[in-house]
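Okay, so here's the structure we're looking at.
The values are calculated or read from the model by the stated rules, or taken from the named source; none is laboratory data. Just so it is clear, the structure is predicted and the values come from calculations on it, not from any experiment. When we count neighbours, we look across all protein chains shown, and the Cβ atoms used for this are built from the backbone with ideal geometry, even at glycine. SASA here: full protein model, heavy atoms, side chains in, ligands and nucleic acids out. Shrake-Rupley method; radii C 1.70, N 1.55, O 1.52, S 1.80 Å.
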Amino acid sequence: MKTFIVGISGETGFRLARLLKQRGDEVDGLYRRAEQGERLRSIGVAGTHGDLVRIDEAKLAAHFSGSDVIVFTAGAGESGSDAMIDAIDGDGVSKSIVAARRAGVKRFILVSVFPEAGRQQGWGESFEHYMAVKKRADVELSRTELDWVILRPSSLNNESGVGTISLGPAEFHTDIRRDDVAATIAELIHTPALRRRILELTEGAMPIERAVRMQIEG
Ligand SMILES: NC(=O)c1ccc[n+]([C@@H]2O[C@H](COP(=O)([O-])OP(=O)(O)OC[C@H]3O[C@@H](n4cnc5c(N)ncnc54)[C@H](OP(=O)(O)O)[C@@H]3O)[C@@H](O)[C@H]2O)c1
């Protein structure tokens with residue numbers, strides 16, 4: 001199994017890369033800075049140097065070629081810049097969808113967000129913009145013929161993973177550990193029968209493998 005992670009140097013992307021390597025998978029992903037490349041090599045990932053803002057679809061498709069699945073876990077929500085949110089969370093997803101098609105990679109897992117995250121928190125215009133762009137990306141991917149999965153995690157934190165979650169088409173928005181998000185994505189990668197689904201992910205008591213399997217069984 002070979003996974004290409006867009007956002008591999010991010011908090012969730014790096015955890016996912018490490019987990020997949022531990023499972024014996026092949027992993028690649030785009031990173032922007034030399035020190036990120038060094039960190040990736042420390043877990044056995046060569047990585048691909050490139051910038052999602054500048055790269056064109058043909059070049060991205062060449063990088064995706066030979067992968068079984070694309071995971072998009074990049075995000076510029078923390079930047080507070082509408083232009084960067086458009087470039088990463090919006091155009092970055094569009095570009096990756098086109099590139100996946102060109103490269104013949106059918107499976108595409110998009111890390112999105114609960115539509116009700118941050119409601120009535122007064123987090124400002126930029127956050128509202130981020131939410132609108134994330135939703136547009138969900139709509140765009142869900143209208144493709146790809147074998148997509150849209151995963152909407154609750155508010156992320158860096159506490160150590162517990163290995164249990166709550167996963168389904170509709171969950172209550174609370175918190176989730178990035179370790180557990182990464183482990184859930186790894187399980188989704190290894191469950192190709194689960195496709196064309198929007199899944200919300202939050203803290204919970206069900207072991208991750210079982211929670212994912214239950215989504216196939218319905
Ligand atoms: N934070 C939350 O509570 C929350 C909740 C639900 C969903 N999400 C979504 O979950 C995903 C993962 O979140 P995270 O907090 O784990 O990720 P993160 O650590 O913020 O990493 C984001 C990734 O996106 C890349 N990126 C950010 N700004 C960029 C820019 N201006 N140009 C190019 N690349 C850029 C980063 O590259 P560099 O390392 O080079 O900067 C990094 O690889 C994101 O899609 C996020 O929107 C977040």
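Mind listing whichever residues of segment 98-114 are away from the ligand (no atom under 15 Å from the Cβ) and in contact with a strand residue (DSSP E or B) (Cβ under 9 Å, 6 or more places away or on another chain)? Lay out the reasoning, then the answer.
At the first step, the residues of segment 98-114 found to be away from the ligand (no atom under 15 Å from the Cβ) are 98-107.
Those that are away from the ligand (no atom under 15 Å from the Cβ) and in contact with a strand residue (DSSP E or B) (Cβ under 9 Å, 6 or more places away or on another chain): 99, 100, 103, 105, 106, 107.
(1) over 24 Å from residue 182 (Cβ atoms); (2) open to solvent by 20 Å² or more (accessible area, probe 1.4 Å): which one isn't true of residue 61, the others all being true?
(2)
Restricting segment 40-58 to residues that are within 12 Å of the ligand (Cβ to nearest atom) and open to solvent by 70 Å² or more (accessible area, probe 1.4 Å), which is farthest from residue 178 (Cα to Cα)?
Taking segment 40-58 as the starting set, the residues that turn out to be within 12 Å of the ligand (Cβ to nearest atom) are 40, 47, 49-55.
With open to solvent by 70 Å² or more (accessible area, probe 1.4 Å) added as a condition, the list becomes 49, 54.
Numbers: 49: 24, 54: 28 Å.
Within segment 40-58, the match that is farthest from residue 178 (Cα to Cα) is 54.
Kindly check whether there is at least one residue in segment 118-132 that is within 21 Å of residue 182 (Cα to Cα) and crowded, with 21+ Cβ neighbours inside 10 Å. Steps first, answer last, please.
Taking segment 118-132 and keeping what is within 21 Å of residue 182 (Cα to Cα), we get none.
No - not one qualifying residue is present in segment 118-132.
Filtering segment 164-200 down to residues that are among the small types (Gly, Ala, Ser) and open to solvent by 30 Å² or more (accessible area, probe 1.4 Å), which residue is farthest from the ligand (Cβ to nearest atom)? Break it down into steps so the answer makes sense when it comes.
If we filter segment 164-200 for residues that are among the small types (Gly, Ala, Ser), which is where we start, we get 166, 168, 170, 182-183, 186, 193.
Filter again for open to solvent by 30 Å² or more (accessible area, probe 1.4 Å), leaving 166, 170, 193.
On the way: 166: 15, 170: 16, 193: 24 Å.
In this case the residue turns out to be 193.
Which one of these does residue 90 not meet: (1) touching a residue at least 40 places away in the same chain (Cβ under 8 Å); (2) touching a Ser or Thr at 6+ places or on another chain (Cβ under 9 Å)?
Of (1) touching a residue at least 40 places away in the same chain (Cβ under 8 Å); (2) touching a Ser or Thr at 6+ places or on another chain (Cβ under 9 Å), only one is false for residue 90: (2).
Quick check on segment 102-117: of everything there that is open to solvent by 40 Å² or more (accessible area, probe 1.4 Å) and not in a helix (DSSP H, G or I), which residue is farthest from residue 186 (Cα to Cα)? Walk me through how you get there before you give the answer.
Going residue by residue through segment 102-117, those that are open to solvent by 40 Å² or more (accessible area, probe 1.4 Å) are 102, 104, 106, 115-116.
Narrowing the set further to residues that are not in a helix (DSSP H, G or I) leaves 104, 106, 115-116.
Values: 104: 21, 106: 17, 115: 23, 116: 25 Å.
Out of the qualifying residues, it is 116.
Could you please tell me which pairs satisfy a Cβ distance under 8 Å, a separation of 6+ or placement on different chains, a first residue in segment 126-140 that is of a type in the set (Gly, Ala, Ser), and a second residue that is surrounded by fewer than 18 Cβ atoms within 10 Å (Cβ to Cβ) and part of a helix (DSSP H, G or I)?
126/82; 137/94
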